[in-house]
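Novice: Quick one: structure below, then a few questions.
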């Protein structure tokens, strides 16, 4: 599958949006094998007892989802660095939207820097970050 | 003149944006602002010199700070040597009354930001302990607001007669220019900004 050409990219170019599946069923498939099967990730009621609005998507999975967005866009790329800041929880069984946009190009090593965000149904930023991607 | 009054660069612990990339983004995406203020968390970045970027991109870049008080986070504009010696910018529990009073004494101005936000905004603190003397301006539009946070900030402003500013609270490049403040006058420096804020003739604007 052909990916984007470094030479054709410009600052401001948007990567294809991605709507990840964060249903409880999918989250349980992740947290079991990764040893993170705590109630806050797998049980809405247990999460509420901890003061959360509901079960939350593990941060490490959010970072992985954002990395997946990059690789869907550029399958042959190498993510040199990815950095996420968690502003608010992504809720299990919600419908988040992942977006990314090119914010810088480095001709010397043919890398691009991208912003990454996960927003909720209201368009509120839950997770944001950046990545440097070698194309 | 439209200035985005609340932004963070990689100088802030949670900032991920280089200042040059903010400039590049503003020009490339034709973001309708004439400049922005860098309000790094718990510090004043006296060392960085952005004049070359200003000249290259034709964008005004000013510097302020975002400090942390017992009433939540507060933007400080017009930071100078006197103010840097008036209180410790790195503290997490500065008394808001002190920040407001010392800013005024030193020729700066303090503006509580994202007042509607839980814990780090002043709305809940005002409800619990009452308003703080000397506050005259608050941030009523914040680009990172969630739920009713901006609405709550505007209600607080209306109740106490505060003027309102807007700022993006950008931490990544693509978030700059979500909210800003429109001034009827030209601003060229931090001193101009303080004077314009004191005049009270401005409005918060949003493109989100």
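Novice: Counting residues in segment B:1-84 as N, plug N into 2.2 N^0.38 Å and put the Cα Rg over that result.
Specialist: In units of the 2.2 N^0.38 Å rule of thumb, it is 1.09.
Novice: Please report the antiparallel percentage of the DSSP beta bridges confined to the protein assembly as shown, to the nearest 5. Intermediate values should be presented prior to the final figure.
Specialist: Details: 45 of 62 bridges.
Taking every DSSP beta bridge within the protein assembly as shown, about 75 percent pair in antiparallel fashion.
Novice: Still on this model: Explain nothing, just the number: relative contact order of segment B:1-58, from Cα pairs under 8 Å at least 6 residues apart, as a whole percent. Please report the intermediate quantities before stating the final value.
Specialist: Working: 58 pairs, mean separation 25.6, N = 58.
Once normalised by length, the contact order is 44 percent.
Novice: Let me ask another. Note down the relative contact order for segment B:2-206 as a percent, whole number, built from C-alpha pairs under 8 angstrom at least six residues apart.
Specialist: Values: 467 pairs, mean separation 46.2, N = 205.
Computed over segment B:2-206, the figure is 23 percent.
Novice: Can you bin segment A:1-130 into rounded, prolate or oblate? Criterion: square roots of the alpha carbon gyration tensor eigenvalues sorted a ≥ b ≥ c, rounded for a/c under 1.5, prolate for a/b above b/c, oblate for the rest.
Specialist: Working: a/c = 2.59, a/b = 2.14, b/c = 1.21.
It comes out prolate by the Cα gyration axes.
Novice: Round to the nearest 10 and give me the degree value, 0 to 90, for the angle of helix B:96-105's Cα axis relative to the longest principal axis of chain B.
Specialist: That works out to roughly 60 degrees.
Novice: Something else: According to a simple spin-label model (label point 7 Å from Cα along Cα-to-Cβ), what is the distance in nm between residue B:104 and residue B:189?
Specialist: Result: 2.4 nm between the two label points.
Novice: How are the alpha carbon pair distances in chain B distributed across 5 Å bins from zero to the largest one, expressed in percent?
Specialist: 1, 8, 17, 22, 22, 17, 9, 3, 1, 0
Novice: Quick one: B:207, A:73, fewest Cβ neighbours within 10 Å first, how do they rank?
Specialist: Values: B:207 13, A:73 18.
Ranking B:207, A:73 by Cβ neighbours within 10 Å, fewest first, gives B:207, A:73.
Novice: A further question follows. Based on the alpha-carbon gyration tensor of segment A:35-80, what equivalent-ellipsoid semi-axes (square roots of 5 times the eigenvalues) come out, in whole Å, largest first? Mind dumping the intermediate values first?
Specialist: Working: eigenvalues 188, 16, 10 Å².
Output for segment A:35-80: semi-axes of 31, 9, 7 Å.
Novice: Quick one: order B:141, A:61, A:97 by neighbouring beta-carbon count within 10 Å, fewest to most. Can you show the working numbers first?
Specialist: Working: B:141 27, A:61 20, A:97 15.
The fewest-first ordering by Cβ neighbours comes to A:97, A:61, B:141.
Novice: While we're here: Counting other C-beta atoms within 10 Å, which of A:84, B:39, A:42, B:98 has the fewest, and how do the rest follow? Don't skip to the end; give the middle numbers.
Specialist: Numbers: A:84 21, B:39 30, A:42 18, B:98 15.
Fewest to most other Cβ atoms nearby, the residues stand as B:98, A:42, A:84, B:39.
Novice: If you don't mind, there's one more thing I want to ask. Mind checking the full-extension length gain between residue A:21 and residue A:93? Use 0.36 nm per residue of separation minus the Cα-Cα distance, one decimal, nm.
Specialist: Values: separation 72, 0.36 × 72 = 25.92 nm, distance 0.81 nm.
Length gained, residue A:21 through residue A:93: 25.1 nm.
Novice: Another question, then. Nearest 5 is fine: what % of DSSP beta bridges in segment B:2-206 come out antiparallel, could you say?
Specialist: On the way: 16 of 33 bridges.
Taking every DSSP beta bridge with both residues in segment B:2-206, the antiparallel ones total about 50 percent.
Novice: A further question follows. On C-alpha positions alone, give me the angle between the axis of helix A:59-73 and the longest principal axis of chain A, in degrees, nearest 10.
Specialist: Around 30 degrees separate the two axes.
Novice: Roughly how tilted is helix B:190-199, in degrees to the nearest 10 and between 0 and 90, from the longest Cα axis of chain B?
Specialist: Here the helix axis deviates by roughly 50 degrees.
Novice: Running Debye on the protein assembly as shown with equal point scatterers at the Cα sites and no solvent, what base-10 log of I(q)/I(0) appears at q = 0.09, 0.10 Å⁻¹?
Specialist: Result of the Debye calculation: -0.52, -0.64.
Coordinate-derived values only; no laboratory data. Keep in mind the model is a prediction, meaning the values are calculated, not measured. Positions of Cβ are generated from backbone atoms using ideal geometry, with glycine treated the same way; all protein chains shown enter the neighbour counts.
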